[in-house]
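The values are calculated or read from the model by the stated rules, or taken from the named source; none is laboratory data. Only a predicted model underlies this, so the values are computations on that prediction, with no experimental measurement involved. FYI the Cβ positions are ideal-geometry reconstructions off the backbone, even for glycines, and counts take in every protein chain you see. Side chains included, ligands, DNA and RNA excluded: accessible areas come from the protein's heavy atoms. Shrake-Rupley method; radii C 1.70, N 1.55, O 1.52, S 1.80 Å.
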Amino acid sequence: MTNFFKELGKAHAKEFESTEEKSSPLSFQLEQEDFKKLEFYCEKLDINKTKFINMIIKEKLIFALAEYLDSSGKNLADLDTSNLNLHQKAYLNGKLSLASLELKESKEH
Amino acid sequence: MINRHKDLDAVIKIFLKNRNSDEENLNFRDIDELNELIEFIGLAESMHLELLMAEPNEDQIDSFNEAYTLSIDNLSSFFTMGKTANLLKESKDSKGLSVKISEFQKQILEAIASNLSISRTKLLQELVSTYLDSAYYTYLIGKHHKSQNYIDINALIRELREDAIILKSPFHVIRALFRMRDLDPMFNEEFNKEFNSIKSMENEND
């Protein structure tokens with residue numbers, strides 16, 4: 001038997017861990033098929049496209065970079081991070097280390 | 001850059017290792033083999049030796065082999081250029097959308113895109129289309145997860161079938177089960193069932 005309030009708390013802890021930050025619009029293109037699916041998925045999840053895409057960015061952007069580095073035979077030291085501030089560099093380093101581990105584990109399974 | 005004379009031995013050793021070969025098995029009277037070695041030395045000169053010495057991973061070996069197998073007259077670099085052009089081509093059948101992202105993430109996105117030599121919008125487009133389905137499938141797993149060891153797979157599949165009708169996508173269910181099949185043996189079982197049912201339907205149509 002699961003404890004409803006405990007589970008809800010855990011879910012909300014994960015959901016609301018992001019802090020309010022200054023944001024700005026970014027436009028991009030999606031293939032019709034993907035666009036249609038995105039609209040449908042957002043409707044099902046009852047969230048807007050911005051939230052859905054931000055969740056993917058948050059969870060997968062650095063992992064995508066780890067995949068790129070792995071398949072290109074490059075590593076963190078090969079990246080040009082001169083346009084990032086110290087905080088952003090630390091974030092990138094930390095997340096990239098975790099993503100590389102995750103990638104290594106997924107390859108082993 | 002490497003010093004050709006000083007590092008030639010090392011380069012040859014790496015070449016042999018990449019070919020899973022040894023000196024005894026090499027036959028330089030075979031002109032193709034010699035050409036291959038000359039080309040490899042050229043490659044070594046344009047790269048840092050440490051990069052070549054690094055253990056190549058499976059993806060790199062695959063793309064290296066693919067480029068060699070599918071190129072005419074061993075012009076593998078042109079094959080690679082073609083592959084890149086294909087990856088970067090813009091689809092005409094696309095729709096624009098605008099989303100709000102934090103300045104922090106925007107700058108990280110910018111830095112990553114620049115390191116990958118692609119635009120920020122291309123990076124975002126590929127990121128979303130790569131993980132769009134996985135995100136939704138994961139949501140469904142969470143939705144039908146009843147307790148630590150139990151996912152109501154029947155309810156999940158029922159929902160996927162309803163989705164498939166709305167999306168007019170007959171392969172929506174099998175695509176989802178294919179992605180989920182490693183999570184639990186029951187998903188794998190359902191995937192096999194779905195696969196066999198599609199196959200028998202195809203056979204009937206034939």
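Odds and ends about this structure:
- Cross-link partners for A:K10 among the lysines, with Cα-Cα distance under 20 Å and sequence neighbours closer than 8 places in the same chain left out: A:K51, A:K58, B:K143, B:K146.
- Relative contact order (%) - criterion: Cα under 8 Å, at least six apart; region: segment B:145-206: 19
- Each residue of segment B:90-95 was assigned a 3J(HN,Hα) from its phi angle through the Karplus expression (A = 6.51, B = -1.76, C = 1.60, θ = phi - 60°), giving 8, 7, 7, 8, 10, 10 Hz with x at Gly and Pro.
- Heavy-atom surface of segment B:153-206, accessible at 1.4 Å and reported per residue (Å²): 69
- Test item: Cα-centred dipole of segment A:16-109, Lys/Arg +1 and Asp/Glu -1 on Cβ, debye: 160
- Which of A:L26, A:L65, A:L86, positive extreme of dipole for segment A:1-99 (C-beta unit charges): A:L86
- Heavy atoms of the protein chains alone define the surface here; on that basis chain A has 68 Å² accessible area per residue at 1.4 Å probe size.
- Average beta-carbon neighbours from other chains, 10 Å sphere, peptide B:107-114: 6
- In chain A, Cα pairs under 8 Å separated by at least six residues give a relative contact order of 23 percent.
- Segment B:64-98-segment A:42-83 distance, computed between alpha-carbon centres (Å): 22
- By accessible area, using a 1.4 Å probe on protein heavy atoms only, segment B:100-206 has 50% of its surface on carbon and sulfur.
- Ligands, DNA and RNA aside, B:D206 has an accessible area near 150 Å² when probed at 1.4 Å.
- Rolling a 1.4 angstrom probe over chain A with all protein chains present gives an accessible area of which 53% lies on carbon and sulfur atoms.
- Averaging 1/r over each pair of different alpha-carbon atoms in segment B:97-187 and inverting the result gives 15.5 Å, the Kirkwood hydrodynamic radius.
- Translational diffusion of chain A was estimated from the Stokes-Einstein equation, with Rh taken as the Kirkwood radius over Cα pairs; at 37 °C and 0.692 mPa s the coefficient is 193 µm²/s.
- Per-residue mean of C-beta atoms belonging to partner chains within 10 Å, peptide A:66-77: 3
- Interface area, A with B, accessible, probe 1.4 Å, both sides summed, Å² nearest 100: 5300
- The phi torsions of segment B:71-82, fed into the Karplus equation with coefficients 6.51, -1.76 and 1.60 and a -60° offset, translate into couplings of 9, 8, 6, 6, 8, 5, 5, 6, 4, 4, 4, x Hz, rounded to whole numbers, with Gly and Pro shown as x.
- Number of partner chain Cβ atoms within 10 Å, mean per residue of B:135-141: 4
- Computing FRET efficiency as 1/(1 + (r/R0)^6) for B:N149 and A:K58, where r is the C-beta to C-beta distance and R0 is 25 Å, gives about 0.30.
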